[in-house]
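Here's the structure, in structure tokens; my notes come after.
Coordinate-derived values only; no laboratory data. None of these values were measured; they are calculated from a predicted model. Here the Cβ is made from the backbone with ideal geometry for all residues, glycine too, and neighbour counts use every protein chain on show.
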Amino acid sequence: MQPALLVLAAGMGSRYGGLKQIDPVGPHGETILDYSVFDALRAGFTRVVFVIRRDFEELFREKIGAKYTGRLAVDYVFQSTDALPPGYTVPATREKPWGTGHATWCAKDALRDQPFAVINADDFYGADSFAKLADFLARARPDEAAMAGFQLARTLSENGAVSRGLCDLAPGNILRSVTEHTGILPTEVGEGKKYAPTATVSMNCWAFTPQIFPLLDARFRAFLETTPPESLAAKAEFYLPAAISALICEEKLRVRVLSTESDWFGVTYREDRPHVVTALNALIATGAYPAKLF
């Protein structure tokens, strides 16, 4: 079966100051997400499933989903605070959904029979990343997963600190764990500094078989049962990298890290947008992308 692309697009981008998933950065109004879908299409993906919030469904369908009609199948999954396993309830003061692991879990019914890749809507991963994810999914065993690994120095912002999942790798590029590091500044990355520039980081670019969902469900239930009530009522999140790390530790999942030759860039801060525009124009000039995608 040809793979699907699961796009996590429910976040509003608070640091960026708006719904950055629909902010144009290409010469004909393309979004970063358009480049991801274009790369996925030419890598052999035939379906895209968007995880969004109901409060901007109409806008998202009009501005994003409509342009892919006739090119690949398009479906939607809704992430909400009250989307929980049976028997669990939402704390009265909880205002936001439960994070990237929860967003992926919400797609369990839509992707129960299809291998898929997971990406963030507002990150540019490059053609090589999608090609390698598709190649992995074509031969993956049920207990296997993969992650596109990027070099830390190539994922930073000149406009502020970033959070990155630093990876611990075993021989053969097998993932041991992903540990979240917050507040990373460019001045802290380099030879002899706090962070090695070539350190492998997770940018939430994964490949899974449908067998991930029972495992993810168990981890989500454990998160809900072991997180202090005051944290559940506030902003505690069920992060996908943390869930995968726990499954690796439990020896329930084997994850291969696919080193990619692609450059990563994104719009963590509004000031990052000019850099993204310049980088895309440079890629278009080399022929890596057409001037108009869709």
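Quick one: length gained pulling L72 to K193 fully straight, 0.36 nm per residue minus the C-alpha distance?
39.0 nm
Can you tell me the relative contact order of the chain? Whole percent, Cα pairs under 8 Å, sequence separation 6 or more.
Details: 555 pairs, mean separation 77.0, N = 294.
Reported as a whole number, the value is 26 percent.
Return S157, S129, S163 ranked ascending by Cβ neighbour count within 10 Å, so the fewest neighbours appear first. Don't skip to the end; give the middle numbers.
Details: S157 19, S129 28, S163 11.
With the fewest neighbours first, S157, S129, S163 line up as S163, S157, S129.
Expressed as a whole number of Å, what is the distance separating the alpha-carbon centroids of segment 236-291 and segment 137-174?
8 Å
Along the Cα-to-C-beta direction of A233, a point sits 7 Å from the Cα; which residues of segment 76-114 have their amide N less than 17 Å from that point?
What the label zone holds, given the 17 Å backbone N cut-off, is 89-96.
Neighbouring Cβ atoms within 10 Å as the yardstick, rank H181, H28, H102 fewest first.
In increasing order of surrounding Cβ atoms, one gets H28, H181, H102.
Enumerate the calculated ³J(HN,Hα) couplings along segment 267-281 in order (Karplus 6.51 cos²θ - 1.76 cosθ + 1.60, θ = phi - 60°), each rounded to whole Hz, writing x wherever the residue is Gly or Pro.
Couplings: 10, 4, 10, 4, 5, 6, 4, x, 5, 5, 4, 5, 5, 5, 4 Hz.
Too long at a 25 Å Cα-Cα cut-off: which of K132/K252; K63/K292; K96/K193?
Beyond 25 Å between Cα atoms: K96/K193.
With 10 angstrom as the radius, rank T104, T179 by how many other C-beta atoms surround their C-beta, starting from the fewest.
Ranked by crowding around the Cβ, least crowded first: T179, T104.
Under a point-charge model restricted to the Cβ atoms of Lys and Arg (+1) and Asp and Glu (-1), what is the dipole moment magnitude of the chain relative to its Cα centre, in debye to the nearest 20?
240 debye
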